[in-house]
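Structure, as structure tokens:
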Amino acid sequence: MPELPEVETTRRKIEPLLLGRTLTRIEHDAPHKYTDTHRAEGRTVTGIGRRGKYLLLQLAAADATEDDLELLVHLGMTGGFRLEAGPHTRVTLHTDQGAIYFNDARRFGKVAVVRKGEYVAFPTLHQMGPEPLSEAFKEGDFVKAAASAGAVKPWLLSQKPVSGVGNIYADESLWTSRLHPAQTRLKPAEARRLYAAIREVMTAAVAAGGSTLGDGTYRQHDGEAGAFQVHHHAYARAGEPCERCGTPIAKIVLAQRGTHFCPNCQPLKPR
């Protein structure tokens with residue numbers, strides 16, 4: 001599933017394609033899934049932002065009596081934008097300069113139009129924690145919250161302590177910080193290591209354009225793939241030697257998610 005690095009890369013790639021364009025029509029066949037998209041028609045895209053794993057297209061009001069709107073896009077597991085329609089095209093954004101197509105083979109993606117900043121209908125977005133590479137992500141606040149947290153990987157995946165960290169980058173950050181994914185109630189030194197690891201891993205992954213896994217579903221409209229997968233130390237490396245100690249990387253299921261770690265470098269400590 002695309003996480004912050006993949007979504008940020010997508011944002012940068014589609015910005016030249018949509019910024020300043022007027023959405024003339026949004027076409028799809030699932031109004032229960034892609035909601036209130038008609039409200040965007042006739043609006044001009046004035047900005048393309050990102051919050052965690054969500055793309056936020058800012059739509060200017062036609063006049064002072066109308067609300068500013070946002071077009072929210074969640075890529076789900078296989079969503080992405082293309083310049084040509086295909087068998088998995090779910091939503092077509094018609095603009096005054098041509099069309100852009102949202103493809104999604106597994107249909108877990110979401111597209112919706114809301115009043116700017118009103119995310120109550122999207123609980124994860126509504127309650128999302130700070131961006132990991134922003135000044136709002138403060139080490140002190142993270143250390144304090146981690147002291148009473150449950151199993152650390154599910155805690156990260158909740159998006160509440162920090163936004164945009166999913167399965168891949170949780171495993172990588174925990175490997176980097178030498179923490180077991182099921183460790184609870186982190187001590188201050190552990191939480192500080194994890195805080196630094198999240199920022200380090202996310203910075204590198206964004207610079208590499210994210211991770212394209214074996215199924216190849218994550219690619220940009222120009223066909224470009226991510227490159228960070230060659231730097232994975234834990235994720236999807238079950239049975240391979242740990243790059244620190246040589247112990248085979250283990251895989252368990254934690255909170256219904258496949259989880260990879262080094263049993264030697266990341267021991268579970270009693271608390």
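Throughout, read-outs are computed from the coordinates displayed, never taken from laboratory work. Quick caveat, the model's predicted, so the values are computed rather than measured. Please note: Cβ atoms are built from the backbone with ideal geometry, for glycine as well, and neighbour counts cover all protein chains shown.
Express the relative contact order of the chain as a whole percentage, based on alpha carbon pairs under 8 Å and six or more residues apart in sequence. Dividing the mean separation by the residue count of the chain yields 17 percent. Taking P(r) over Cα pairs in 10 Å bins from 0, in percent as calculated from this structure, the corresponding entry among [x] 7, 33, 37, 19, 4, 0; [y] 6, 23, 21, 19, 13, 7, 7, 3, 0; [z] 7, 29, 32, 20, 10, 2, 0 is [z].
The GluC sites (Glu not before Pro) of segment 133-183 that meet both conditions, a loop assignment by DSSP and at most 16 other Cβ atoms within 10 Å of the site Cβ, are GLU135.
Checking the a/c ratio against 1.5 first, then a/b against b/c, what shape does the Cα gyration tensor give for segment 139-261? In terms of gyration-tensor shape, prolate.
For LYS13, the aspartates and glutamates whose Cα falls under 16 Å of its own Cα, not counting residues fewer than eight places away in the same chain, are GLU3, GLU84, ASP222, GLU224. Converting phi to 3J(HN,Hα) with the Karplus coefficients 6.51, -1.76 and 1.60 and the offset θ = phi - 60°, segment 206-213 yields 5, 4, 8, x, x, 10, 9, 8 Hz in sequence order, with x at every glycine or proline. Shape of segment 4-124 from the C-alpha gyration tensor: rounded (a/c under 1.5, with a ≥ b ≥ c the square roots of its eigenvalues).
Exceedance of the 23 Å cut-off in Cα-Cα distance is limited, within the set LYS116/LYS138; LYS53/LYS110; LYS153/LYS187; LYS53/LYS160, to LYS116/LYS138. Have a look at HIS88, HIS74, HIS232 and tell me which one the Gaussian network model of the chain (Cα, springs below 10 Å) gives the largest fluctuation. Comparing HIS88, HIS74, HIS232 in the GNM, the peak value goes to HIS88.
Applied to segment 228-241, the Karplus parametrisation 6.51 cos²θ - 1.76 cosθ + 1.60 on θ = phi - 60° returns per-residue 3J(HN,Hα) values of 6, 4, 6, 9, 5, 9, 10, 4, 6, 10, 3, x, 7, x Hz, with x for Gly and Pro. The calculated FRET efficiency for ALA196 paired with GLU66, based on their beta-carbon distance and R0 = 30 Å, is about 0.10. What FRET efficiency do you get for GLU240 and HIS32 if R0 is 45 Å and r is their Cβ-Cβ distance, rounded to the nearest 0.05? In this case the efficiency is close to 0.55.
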